[in-house]
Amino acid sequence: KKIHLKLEQSHSEILVHRGAYAHIMTHLANAGLHPPFMVVSQAKVLSHVGKGALGGTPVVTITDGERAKTLRTVSRLIDAMLELGLTRQSTVIALGGGVVGDVAAFAASVYLRGISVVQVPTTLLAQVDSSVGGKTGVNHTAGKNLIGTFHQPHLVIVDPGLLASLPPREYRSGLWEALKYGVIRDRILFEDFERRHREIIHGDPVVLE
């Protein structure tokens, strides 16, 4: 399923499909994006999803958790972009949860005054929330997410199959976020949760997609 998000000054395409990650290079080409690319991820994420689908694209890893959301991490990513020769036509691919998406997209938004970013969220919370909407940012000693930009992703690739390895608590935190949307403005979504909660809780792939 493709969802077209049209905004005043930009647009995003959101692709929702089980198995989409395995064909990521094809999806990038179909979206008009071409190398050089740079992937930003975490070692733990790569151990679950693998790098085979990336076709040899350079991967830069960051540490886990909120401690990665610093200007120092952004500076390291920009160093890598320069070393790899990324141009204004290049794309940064954020492969991971919300932290990876925030940091990678922020780095992309300030490199050469802004280059394309593709979000490939690997947690349910990121798939339904942080990968969509263009919010980027890092933390400051004075508070969380005090430094950031709005930088809409060119493409969001949502592959529910990547959620199979999530710990139950992390999976359910994403469910609560989606349920909140049902409470706020989508009665059908809310009723789907009520009617099919057992399949949803147990991660039925068809219902989840």
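Some notes on this structure:
- Answer residue from the range 121-144, given it is open to solvent by less than 40 Å² (accessible area, probe 1.4 Å) and assigned to a strand (DSSP E or B) and is nearest to I201 (Cα to Cα) among those: P121
- Pick from the range 1-59, criterion in contact with a Leu (Cβ under 7 Å, 6 or more places away or on another chain) and among the small types (G, A, S), ranking: surrounded by the most Cβ atoms within 10 Å (Cβ to Cβ): S41
- The single residue among V100, V74 that is within 23 Å of L162 (Cβ to Cβ) and touching a residue at least 12 places away in the same chain (Cβ under 8 Å) turns out to be V100.
- Only one entry of V59, V117, V45 meets the criterion of being modelled with pLDDT of 95 or more, under 24 Å from R172 (Cβ atoms), of a type in the set (V, I, T) and touching a Ser or Thr at 6+ places or on another chain (Cβ under 9 Å), and that entry is V45.
- V117 meets each of the listed conditions (1) open to solvent by 50 Å² or more (accessible area, probe 1.4 Å); (2) in a strand (DSSP E or B); (3) in contact with a Pro (Cβ under 8 Å, 6 or more places away or on another chain) apart from (1).
- Filtering D64, D102 for residues that are crowded, with 23+ Cβ neighbours inside 10 Å, among the charged types (D, E, K, R) and farther than 15 Å from M38 by Cβ leaves a single hit, D102.
- Of residues in the range 67-79 being touching a strand residue (DSSP E or B) at 6+ places or on another chain (Cβ under 8 Å) and crowded, with 17+ Cβ neighbours inside 10 Å, the one farthest from G137 (Cα to Cα): L77
- Annotation note: of G137, G98, the sole residue that is modelled with pLDDT of 95 or more, on the phi > 0 side of the Ramachandran plot and either out of contact with any Cys (no Cβ under 7 Å at 6 or more places or on another chain) or not acidic (D, E) (or both) is G137.
- Looking only at the range 145-183, and only at residues there that are farther than 30 Å from A31 by Cβ and assigned to a helix (DSSP H, G or I), the one that is least open to solvent (accessible area, probe 1.4 Å): L179
The values are calculated or read from the model by the stated rules, or taken from the named source; none is laboratory data. Bear in mind that the values here come from a model prediction, so they are computed numbers and not experimental data. Counting neighbours? That spans all protein chains shown, and the Cβs are built from the backbone with ideal geometry, glycine included. Areas reflect the complete protein model, heavy atoms only, side chains present, ligands, DNA and RNA absent. Shrake-Rupley method; radii C 1.70, N 1.55, O 1.52, S 1.80 Å.
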